[in-house]
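Have a look at the structure below before the remarks.
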There are 2 protein chains.
Amino acid sequence: MESTRDAPRVTIADVAREAGVSKGLVSFALNDRPGVSAETRARILQVAGTLGWTPSLRARSLSSKRSFALGLVIARDPEVLGSDPFFTSFIAGVETILAPEGLALVLSVVPDEPTELQTYRTLVTDGRVDGVFLSDLRRDDARIPCLAELGLPAVTLGRPDQPSPFPSVSIDDTDGVAESVRHLVELGHRRIAHVAGSPAMLHGGRRRDAFSAAMSAAGLGNGQIVETDFSIAAGADATRVLLSQPERPTAIVFASDPMAIAGIGVAQELGVSVPDQLSITGFDDIEFARYVYPALTTVGATPMVWGRTAATTLLGLIRTGSAADVELPAARLIIRGSASSPTSH
Amino acid sequence: MESTRDAPRVTIADVAREAGVSKGLVSFALNDRPGVSAETRARILQVAGTLGWTPSLRARSLSSKRSFALGLVIARDPEVLGSDPFFTSFIAGVETILAPEGLALVLSVVPDEPTELQTYRTLVTDGRVDGVFLSDLRRDDARIPCLAELGLPAVTLGRPDQPSPFPSVSIDDTDGVAESVRHLVELGHRRIAHVAGSPAMLHGGRRRDAFSAAMSAAGLGNGQIVETDFSIAAGADATRVLLSQPERPTAIVFASDPMAIAGIGVAQELGVSVPDQLSITGFDDIEFARYVYPALTTVGATPMVWGRTAATTLLGLIRTGSAADVELPAARLIIRGSASSPTSH
DNA sequence: TAGCCAACCTATACCGGTTTAGTCGCCGCC
DNA sequence: GGCGGCGACTAAACCGGTATAGGTTGGCTA
């Protein structure tokens, strides 16, 4: 047992002494900066290697005023959050970029917006992170001016509805909704309803508008729309409302998979057979979508790719001071079993 | 606009000067340590307040060799991870304790165990965290000796099957499984099967053993058991296997809700009506459990409480050097609609 | 051959806290 | 009245890096 136990940490000074150079030069070599001859640099790195030196993150943080960490603050009811696999996949994607760079992810889950803003402030005054991901964009989002004022680099997941100094990484989700509607129309549906997400959230409003537009384009008016807060419970309630009408829709386009799955549940409970009497489409393609019965026809998002791209963009912004907006490939409709031609009536 | 823009940071030296004392004394006052008269302490804190001084986390980290952060490393396929709401709730619970203390949570999602162990090492050499949560305990878990050797404080979620220097926070889940079996037996079931989790994971094996024990206790032998890796796909496959037997079970006890929900889907797909022809119980009480049809009879875990308790325990361990094991109230059966008396035949 | 610049490297002052080794005044006690 | 001891406080070292203002060298120009 090569007891590293209580072994005093190897510092930059040890490396400098051993290599016969000054601390400063070791630092230069480490951060491969000009002003070190190739030969010396190699020697320094070699000595560092044999000594097993790892620069102290803490010391580096203090003197360079960086923290080598990125932040993600999620403001949601944890119960609701749990059923949404978006973040776990997103985070996994982020990690694939951060880990090799030796960067960490600091995660906060907070109950509401005021706490969220406060969390960002603390993150900044503590210098806990070098940048943050801004997800679940809201209408007139208070976080954008807040972060801008704090001077914290950020990347928005989706394009904000207001002037924003931050690059955005977005995915076109309107196309998927339009595709869903077209698919249903082609199957022969005419009374198509939409269980929308929260209008306060950008993607909620966007998908709703895409639904309306697609309906108009098909010559079916605006289509009936029920707004929710994206929660499973609200999705279930909305479905109940739609199905208890005298002339109920033959198809429902849901703004998210969790709501769609709850919708299937409600339909079954009411004795409305899916897809025979009611076709259902979702959005996200969460893992459950493939395993409920009937398997959910839905629009496939790619949160892992999103995470990876957002991380790359944010790193670029931090390192170079600027980064371009990125538009990910549009989410596409995945046809499974929950939507079919409407039966007679 | 009181431009904090470019305002040089207020440091401990400013506070010291303003209060007419030395830096050291300010530090003492801040960390309320003896050796400061009540009067002086009050003055210092008052000055700090009016100056708006927040001690620099980075400087504190460097000199005190603490990082004011806790870590959670999750080793799972992100796809599988997504459908398990355990972690998001757990994390939310952890946050309720950390946030008020000004501590952060560093999260890592890694694909496999080697990477996981490497991540712990990096976390330690970087001094990124002051302690970690150890979840998803495995048989003969390599992480325990690894962390012990690294000298990193940790709390295990559940009791390990090996000598462990770390406190554990556990919840009795065997009771809930036993309750499920008893419930089914009382309903009149005799052919009860179990879709188990991974035997490599402690809770997988424990629930399976609890199932066997309960079956024996009911005089029903050991009961048929199919082992899985806890993934939804495996849960679906296992159900398919069970239901395609000549003499199929009239009830299945699943080791997790996601698998149980997949089980309901498979049953429906095969035209086996739930609960009439097949009763199903789950474990976890994830949010979806209430919204599928029929609503899932399951065992209610409380991940948020678990998170809160684990955080408290870990903090105690870090601050005092020792902490006692905690046993949370046992998870109880929640009766909904997915289990009923078996019909005739 | 002095002059100059570039390339390479050193010395040292930071970053902003914590911690330790004292200093000082004052009280109690023999 | 000298001494021990204690509480309050200061000065300075220290944590382990980064940044910057010089100092050498050597080659090239004028």
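Data overview
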read-out	value
Some residue of the range B:296-315 being within 27 Å of A:Gly271 (Cα to Cα) and in a helix (DSSP H, G or I)	no
Of residues in the range B:197-242 being under 25 Å from A:Arg290 (Cβ atoms) and of a type in the set (D, E, K, R), the one surrounded by the most Cβ atoms within 10 Å (Cβ to Cβ)	B:Arg207
B:Asp77 being surrounded by fewer than 16 Cβ atoms within 10 Å (Cβ to Cβ) and away from DNA strand D (no atom under 16 Å from the Cβ)	yes
Given (1) away from chain B (no Cβ under 11 Å); (2) touching a Leu at 6+ places or on another chain (Cβ under 7 Å); (3) at pLDDT 95 or above, number of the condition A:Ser135 does not satisfy	(3)
Residue within the range A:54-69 that is away from DNA strand C (no atom under 13 Å from the Cβ), open to solvent by less than 20 Å² (accessible area, probe 1.4 Å), under 30 Å from A:Ala234 (Cβ atoms) and within 13 Å of chain B (Cβ to nearest Cβ) present	no
Odd one out for B:Asp130, checked against (1) of a type in the set (Asp, Glu); (2) within 9 Å of chain A (Cβ to nearest Cβ); (3) within 14 Å of DNA strand C (Cβ to nearest atom)	(2)
Selection count, the range A:224-248, where residues are more than 21 Å from A:Ala200 (Cβ to Cβ) and either hydrophobic (A, V, I, L, M, F, W, C) or more than 14 Å from every other protein chain (Cβ to nearest Cβ) (or both)	7
Test: residue in the range B:312-328 that is closer than 19 Å to B:Ile232 by Cα and in contact with a Pro (Cβ under 9 Å, 6 or more places away or on another chain)	no
Residue identified as of a type in the set (Val, Ile, Thr) and surrounded by fewer than 24 Cβ atoms within 10 Å (Cβ to Cβ) among B:Thr281, B:Thr302, B:Thr298	B:Thr302
Test for A:Val94: is it facing another protein chain (nearest Cβ under 8 Å), more than 21 Å from A:Arg58 (Cα to Cα) and surrounded by 20 or more Cβ atoms within 10 Å (Cβ to Cβ)	no
From the options A:Gly127, A:Gly102, A:Gly52, A:Gly93, residue that is of a type outside the set (S, T, N, Q), in contact with a Lys or Arg (Cβ under 7 Å, 6 or more places away or on another chain) and at positive phi	A:Gly127
Candidates B:Thr156, B:Thr115, filtered to the one that is in contact (Cβ under 8 Å) with a residue 12 or more places away in the chain, closer than 19 Å to B:Ile74 by Cβ, open to solvent by 30 Å² or more (accessible area, probe 1.4 Å) and of a type in the set (Val, Ile, Thr)	B:Thr115
Qualifying residue in the range B:327-338 (condition: hydroxyl-bearing (Ser, Thr, Tyr), open to solvent by 40 Å² or more (accessible area, probe 1.4 Å) and out of contact with any Cys (no Cβ under 6 Å at 6 or more places or on another chain))	no
Selection status of A:Val292, of a type in the set (A, V, I, L, M) and either closer than 18 Å to A:Ile171 by Cβ or not in a loop (DSSP other than H, G, I, E, B) (or both)	no
Residue in the range A:141-160 that is within 24 Å of A:Pro85 (Cβ to Cβ) and in contact with a His (Cβ under 6 Å, 6 or more places away or on another chain) present	no
Candidate set: the range A:38-57, residues that are of a type outside the set (Ser, Thr, Tyr) and within 20 Å of A:Pro8 (Cβ to Cβ); chosen: the one nearest to DNA strand D (Cβ to nearest atom)	A:Pro55
Filter pass, B:Ser89 being small (Gly, Ala, Ser), open to solvent by 40 Å² or more (accessible area, probe 1.4 Å) and either at the interface with chain A (Cβ under 9 Å from one of its Cβ atoms) or within 12 Å of DNA strand D (Cβ to nearest atom) (or both)	no
Test set (1) more than 30 Å from B:Ile286 (Cβ to Cβ); (2) open to solvent by 20 Å² or more (accessible area, probe 1.4 Å); (3) at the interface with chain B (Cβ under 9 Å from one of its Cβ atoms) - A:Gly49 fails condition number	(3)
Residues that are out of contact with any Asp or Glu (no Cβ under 8 Å at 6 or more places or on another chain) and crowded, with 21+ Cβ neighbours inside 10 Å, drawn from the range B:142-151	B:Ile144, B:Leu147
Residues (assigned to a loop (DSSP other than H, G, I, E, B) and open to solvent by 30 Å² or more (accessible area, probe 1.4 Å)) located in the range B:173-196	B:Gly188, B:Arg190, B:Arg191
Only listed residue being among the small types (Gly, Ala, Ser), in a loop (DSSP other than H, G, I, E, B) and within 12 Å of DNA strand D (Cβ to nearest atom), chosen from B:Gly35, B:Gly24	B:Gly35
Some residue of the range B:292-301 being out of contact with any Gly (no Cβ under 8 Å at 6 or more places or on another chain) and farther than 23 Å from B:Thr96 by Cβ	no
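Residue by residue, here is whether (1) among the β-branched types (Val, Ile, Thr); (2) in contact with a helix residue (DSSP H, G or I) (Cβ under 7 Å, 6 or more places away or on another chain); (3) over 30 Å from A:Pro55 (Cβ atoms) holds:
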| position | (1), (2), (3) |
| --- | --- |
| B:Ser89 | no, yes, yes |
| B:Ile97 | yes, yes, yes |
| B:Val109 | yes, yes, no |
| B:Asp112 | no, no, no |
| B:Tyr120 | no, yes, no |
| B:Phe133 | no, yes, no |
| B:Leu152 | no, yes, no |
| B:Val181 | yes, yes, yes |
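The values are calculated or read from the model by the stated rules, or taken from the named source; none is laboratory data. Model, not experiment: these values are computed from the prediction. Every residue, glycine among them, receives a Cβ derived from its backbone with ideal geometry; neighbour counts consider all protein chains shown. Ligands, DNA and RNA are excluded from the accessible area calculation, which covers all protein heavy atoms including side chains. Shrake-Rupley method; radii C 1.70, N 1.55, O 1.52, S 1.80 Å.
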